[in-house]
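Everything below concerns the one structure shown next.
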């Protein structure tokens, strides 16, 4: 009986390890001293090899409960393969409800959010090659306190 149970557990682990990852790319960058300055611009390089599917980008942020605002304004710079100029889009990241309740997942004093990015129609991941994504905080305060990590995640559509 125990051998059958062990065989089932081992087989489940092996097959689960063979499943494709739900994301194509994910990386978080630590914000120095938890204070995001205008000069610190996290950058991400994403290699696209499959142009037959659609992709959904996500903004990832980890912050403390002491973060002083309910949102975050960010400039997102996108440079596609073969382009000589990067596109620039401003994004408002809503991080709390009107009541002050943080969105996302929290554990203790730390909260993490993964929010879909809605780029303009001109931004697609439809060319093979390396895309460069750079993020710059665009709040009225510098440095922006209580931000721990900034990240970027890219999933094939239908996997989130």
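The values are calculated or read from the model by the stated rules, or taken from the named source; none is laboratory data. Please read these numbers as outputs of a predicted model, since none were measured by experiment. Reconstructed Cβ throughout: ideal geometry from the backbone, glycine too, with neighbour counts over all protein chains shown.
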Is there a residue being surrounded by fewer than 12 Cβ atoms within 10 Å (Cβ to Cβ) and more than 16 Å from residue 154 (Cα to Cα) anywhere in region 40-60? no
Of all residues in region 116-145, which are within 20 Å of residue 66 (Cβ to Cβ) and either surrounded by fewer than 20 Cβ atoms within 10 Å (Cβ to Cβ) or modelled with pLDDT under 90 (or both)? 139, 140, 141, 142, 143, 145
Assuming residue 73 fulfils every condition listed in (1) modelled with pLDDT of 95 or more; (2) outside any strand (DSSP E or B) apart from one, which condition is it? (2)
Failed condition for residue 54, given (1) over 24 Å from residue 31 (Cβ atoms); (2) touching a strand residue (DSSP E or B) at 6+ places or on another chain (Cβ under 6 Å), with all others met? (2)
